[in-house]
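Down below is the structure, laid out as structure tokens.
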Amino acid sequence: MAYDFVNKMQFQDLMNVSLLSLGAKISAEDASRLSSYRTKWNFFEGYHWQELPPTGKTEVTKNYCRAFVNKFVTFELGKGFNIKMKPDVETTILPFLNEVWKDNNKLKFCQQFGQAKSVTGDVWVQVTFEPKYLEDGSENPNFYDPYDEYEKGRVRILVVPPNICFPEYDDGYDKDRMRKFTVMYPIRLNADEPSKTKVIVYKQVWTAQTVEVYRGTELVETYKNKYGVIPFFHCKNLELVGRNFGISDLEDLIPLNMELNLKSSDVSEIIEYHSAPVTLVYGARVGQLEKGANKVWGGLPKDAKVENLTLDSDLQASKDYIASVKMAMHEIGGVPEGALGKDLAISNTSGVALQLMMMPLIERIEQKRALTKECLEKVNKLIIKIGLEEGLIDADLSKWKKGDRYAKDIYQNEIIFEDNLPKDKLVEVQTLQLEMKMGLADREEAMKRLGKEDIQQRLIEIDKDREATPEIYGLEKDPLTGKLVPSGSSKNLMNRPIGENKAGNESQVNAGLTNSPEKKQSTNS
């Protein structure tokens, strides 16, 4: 049995397998949505002329749709993301979360996730647990583990194509409550034997309580939803109030890209027409003339005339129009020309000026990340729930008992994205150091802004390392107090009489704080 579906599958594809006769129903909204998905995938993949009737003319394709989508994906998720949790559970839960994302190839997931939602406006993420052993203790024949890497099983995080997803929400305007979710697509039975091959619809219907599996009209399996959560999470690319589905980055670009291709094709045809010009012959028979290069024609009548058709019109107007259409794509699409490789004089450009140049792209990415952040935090909650119930998290969590008001700390997590704009790392660190000295920031916030992972664990390890090797950090232990002080400080204190250490310190600090011309003048007087 082979499963077969593609990104461009639409309503008509499901109709081809007699979907309605099999008892499945698709709303008019879903039919329109699937057709829209197909058009957008065509433009992303470069099949722009499939959306137009055949013209028989030159067809030039400038695929800016793919260039824009790739830029959005790279800018939003190119560096992945980090996870931050409550300090009291971060050292216990976060290593498990990071291990699950690493096992599922986080960067590859981000590319698929970002591409699907940028092209179609929607993406779905499924979280599932694949057990290594069945309930009766026997090995799961469907679990693939050739290197014996997993003790009890693994958590899978899958990007599900939105054109096979059919959610149903509670009545009303609250679209966060999904009461049923259906995954549905055609499959081929007996694909190895062409004469017996049959195409049917494979369908899974999920609720918070049960899961039903259909092959065609036949209900082949029903089982309990173990975790009490529909494990499919929807992420919109951009929000539109009152609509169940998101806005694609290509919705405004497709008409402009079509116009750009049409006019570029017209100019290409004109240039091609005149690069191999038509020869006009006046007052003579063409059949008497020998065609070809380096030929000499003689004996023509005295009134005969031979000339090539030349391009007398100016193409500058056409070039200007094409340039204006391309500029409109950048202005409406939110990607400045410089972000796609246009030469920019940025050798002396400050970080603020660079941010202003990229402001349209930055603003759109902030909108997209707000929705991505919410979705991935929900995904993490289910991963943690599966880890707890399947015994994958090896830790004592007895103090977070069910019903305890702090039990929610186990599931609280925050997705952190690193800024993709180039920055001077030294300037950033110096800024953070100054803010910390002024009491405007702490170490945790500094590490968060620098995009560090496992912040709480890193702080613990840094503190231990400072105690063990203070000289690396420019510190030493004060022999009187045993505390870490800057190197050389304890030696200066030891040179003073013991009774003067404290007073001497205070006078030195006060002198540093009040070292002003007014103070010097009053002292001298």
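The values are calculated or read from the model by the stated rules, or taken from the named source; none is laboratory data. Quick caveat, the model's predicted, so the values are computed rather than measured. All Cβ positions, even for glycine, are placed from backbone atoms using ideal geometry, and neighbour counts span all protein chains on display. These area figures cover heavy atoms from the full protein model, side chains too; ligands, DNA and RNA do not enter into them. Shrake-Rupley method; radii C 1.70, N 1.55, O 1.52, S 1.80 Å.
Summary of values
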read-out	value
Among (1) surrounded by 15 or more Cβ atoms within 10 Å (Cβ to Cβ); (2) of a type outside the set (S, T, N, Q); (3) part of a helix (DSSP H, G or I) - the single one LEU107 does not satisfy	(1)
Considering residues of region 225-238 that are more than 18 Å from GLU374 (Cα to Cα) and in contact (Cβ under 8 Å) with a residue 60 or more places away in the chain only, the residue least open to solvent (accessible area, probe 1.4 Å)	TYR227
Whichever residue in region 307-325 is at pLDDT below 75 and among the hydrophobic types (A, V, I, L, M, F, W, C) and, among such residues, is nearest to the chain's Cα centre (by Cα)	LEU311
Single unsatisfied condition, VAL73 versus (1) among the aliphatic types (A, V, I, L, M); (2) farther than 26 Å from PRO167 by Cα; (3) at pLDDT 85 or above	(2)
Search result, residues across region 70-127 that are farther than 16 Å from ILE416 by Cα and acidic (Asp, Glu)	ASP88, GLU99, ASP103, ASP122
Answer from ILE384, ILE393 - the residue that is assigned to a loop (DSSP other than H, G, I, E, B), surrounded by 13 or more Cβ atoms within 10 Å (Cβ to Cβ) and either within 16 Å of the chain's Cα centre (by Cα) or modelled with pLDDT of 70 or more (or both)	ILE393
Boolean, VAL60 is open to solvent by less than 50 Å² (accessible area, probe 1.4 Å), more than 20 Å from ARG369 (Cα to Cα) and in a strand (DSSP E or B)	no
Yes/no for TYR169 being surrounded by fewer than 13 Cβ atoms within 10 Å (Cβ to Cβ) and aromatic (Phe, Trp, Tyr)	no
Residues being in a strand (DSSP E or B) and touching a residue at least 24 places away in the same chain (Cβ under 8 Å) - total across region 119-154	12
So THR92, is it outside any helix (DSSP H, G or I), at pLDDT below 95 and polar (S, T, N, Q)	no
Considering residues of region 37-52 that are of a type in the set (A, V, I, L, M, F, W, C) and open to solvent by less than 20 Å² (accessible area, probe 1.4 Å) only, the residue farthest from HIS330 (Cα to Cα)	TRP41
Single unsatisfied condition, SER21 versus (1) over 30 Å from GLU272 (Cβ atoms); (2) in a helix (DSSP H, G or I); (3) at pLDDT 75 or above; (4) out of contact with any Leu (no Cβ under 8 Å at 6 or more places or on another chain)	(3)
Members of region 328-347 that are of a type in the set (A, V, I, L, M), in a loop (DSSP other than H, G, I, E, B) and at pLDDT 85 or above	VAL335
Pick from region 232-262, criterion within 13 Å of TRP49 (Cα to Cα) and of a type outside the set (S, T, N, Q), ranking: nearest to the chain's Cα centre (by Cα)	ILE254
The listed residue being of a type in the set (Phe, Trp, Tyr) and closer than 25 Å to ARG38 by Cα, out of TYR223, TYR202, TYR227, TYR150	TYR202
Residue within region 213-226 that is out of contact with any strand residue (DSSP E or B) (no Cβ under 8 Å at 6 or more places or on another chain), over 26 Å from PHE96 (Cα atoms) and aromatic (Phe, Trp, Tyr) present	no
Residue in region 239-249 that is closer than 19 Å to LEU34 by Cβ, open to solvent by 20 Å² or more (accessible area, probe 1.4 Å), without any contact (Cβ under 8 Å) to a residue 40 or more places away in the chain and not in a helix (DSSP H, G or I) present	yes
Test: THR55 is of a type in the set (S, T, N, Q), free of Cβ contacts under 8 Å to residues at least 12 places away in the same chain and either touching a Cys at 6+ places or on another chain (Cβ under 9 Å) or open to solvent by 10 Å² or more (accessible area, probe 1.4 Å) (or both)	yes
Region 253-274 residues that are surrounded by fewer than 16 Cβ atoms within 10 Å (Cβ to Cβ), paired with ones that are polar (S, T, N, Q) and modelled with pLDDT under 95 (beta carbon under 6 Å, 6 or more apart)	SER268/THR58; GLU269/THR58
Hey, GLY216 at pLDDT below 85, of a type outside the set (A, V, I, L, M, F, W, C) and open to solvent by less than 70 Å² (accessible area, probe 1.4 Å) or not	yes
Residue among GLU444, GLU453, GLU518, GLU500 that alone is more than 30 Å from LYS425 (Cα to Cα), open to solvent by less than 100 Å² (accessible area, probe 1.4 Å) and either at pLDDT 50 or above or of a type in the set (Asp, Glu) (or both)	GLU500
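For (1) within 15 Å of the chain's Cα centre (by Cα); (2) of a type in the set (Gly, Ala, Ser); (3) open to solvent by less than 40 Å² (accessible area, probe 1.4 Å); (4) closer than 15 Å to ASN413 by Cβ, each residue gets a yes or a no:
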site	(1), (2), (3), (4)
PHE68	yes, no, yes, no
GLY78	yes, yes, no, no
PHE81	yes, no, yes, yes
GLN111	yes, no, no, no
GLY114	yes, yes, yes, no
